[in-house]
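Undergrad: So that we are looking at the same thing, I have put the structure below in structure tokens.
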Amino acid sequence: MTLSHLLNDLKSFVNTENRQEKNLKKRAMNDAAKAKRRQAILDTARHLYGDGQELSVPIADIAAAAGLAKGTFYLYFKNRETLDLALLQEALGRCFDALDLALEKGLGAEAIPGLLCDAAMDSLLVRLGSRYNLILEGCGDYEAVVDFKEYLNLRMEKSASAMAAIFPGLGEAAILELLIGSFSTMIGLWQMAEPAGMAKDILAARGLRHLQVDFASLFPRLVQDLWTGALLRYKKQ
């Protein structure tokens, strides 16, 4: 191979590398722009939902408030349930953030139930949580549901690991059970406290007061009992 051929090959290689680098930068910029726009939709929906409106704010209104066309919304979310699932994930993430931060600051074991209760009282979280199963089933986006479940699993593991380091007598497996029990209680009571559609009408019309749940009153007591029992066993060890 002549020197001329070698130089041409080298030039071709450099040009290819430059094109690939430019494409990567362009893709990164596009990904960043898409992530920013997706977050803008979430922030707008959270704001509109937070104004006390029902979770049925028209998609067109959410898109318009975010400065987008209605069709653009569907480039980021398959439907309303996919949007609500993302909002629910964010809200639960804030709960775990608060718990993890408190643990880093030396939170005592006895304070955990109160912290969980405070986090669970978030108005938007309660309303989204009351539609938990409806959101998951109506989402129709397999990857979105997988991402949500994996995120929830990861955050529970992370918090349980941090708590096990502080309260070694409980053990990570036992703490995971407590977190799962707290979460399951929270979801179940949310759905009973904020029934949808026909169920809500029937409860009101028939006066079925034993099925009408006061979440703010009942959840703290149940979670306190759950954790108190575990902590008593921990202290006896």
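Undergrad: Under 6 Å between Cβ atoms, which residue pairs at least 6 apart in sequence (or on different chains) link something in segment 107-123 that is in the same structural domain as Ile180 (by TED's automatic domain parsing) with a partner that is at pLDDT below 85 and buried (at least 16 other Cβ atoms within 10 Å of the Cβ)?
TA: Ala109/Phe167; Ala109/Leu231
Undergrad: Next up: Out of Gln212, Gln224, report the one residue that is of a type outside the set (Val, Ile, Thr) and under 19 Å from Phe96 (Cα atoms).
TA: Going through Gln212, Gln224 in turn, just one is of a type outside the set (Val, Ile, Thr) and under 19 Å from Phe96 (Cα atoms): Gln224.
Undergrad: Just one of (1) among the β-branched types (Val, Ile, Thr); (2) assigned to a helix (DSSP H, G or I); (3) surrounded by 15 or more Cβ atoms within 10 Å (Cβ to Cβ) trips up Val213, so point out which.
TA: Condition not satisfied by Val213: (2).
Undergrad: Still on this structure: Which condition number in (1) touching a residue at least 12 places away in the same chain (Cβ under 8 Å); (2) acidic (Asp, Glu); (3) farther than 22 Å from Leu92 by Cβ is the one that Asp201 fails?
TA: All conditions pass for Asp201, except number (1).
Undergrad: Follow-up question, since we're still on this one. Go through the residues of segment 131-148 one by one and say whether even a single one is within 15 Å of the chain's Cα centre (by Cα), acidic (Asp, Glu) and part of a helix (DSSP H, G or I).
TA: yes
Undergrad: Would you be able to say whether some residue in segment 187-198 is surrounded by fewer than 17 Cβ atoms within 10 Å (Cβ to Cβ), on the phi > 0 side of the Ramachandran plot, assigned to a helix (DSSP H, G or I) and more than 16 Å from the chain's Cα centre (by Cα)?
TA: Yes, segment 187-198 contains at least one residue that is surrounded by fewer than 17 Cβ atoms within 10 Å (Cβ to Cβ), on the phi > 0 side of the Ramachandran plot, assigned to a helix (DSSP H, G or I) and more than 16 Å from the chain's Cα centre (by Cα).
Undergrad: Look through segment 52-104, keep the residues that are hydrophobic (A, V, I, L, M, F, W, C), out of contact with any helix residue (DSSP H, G or I) (no Cβ under 7 Å at 6 or more places or on another chain) and outside any loop (DSSP other than H, G, I, E, B), and return whichever of them is modelled with the highest pLDDT.
TA: The extreme case among them is Ala64.
Here's the yes/no breakdown for (1) hydrophobic (A, V, I, L, M, F, W, C); (2) over 15 Å from Ile187 (Cβ atoms):
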position	(1), (2)
Tyr132	no, no
Gly138	no, yes
Asp147	no, yes
Met156	yes, no
Ser159	no, yes
Ala162	yes, yes
Ala165	yes, yes
Pro168	no, yes
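The values are calculated or read from the model by the stated rules, or taken from the named source; none is laboratory data. Quantities reported herein were computed from a predicted structural model and do not represent experimental measurements. Here Cβ is always computed from backbone atoms with ideal geometry, including for glycine, and neighbour counts include all displayed protein chains.
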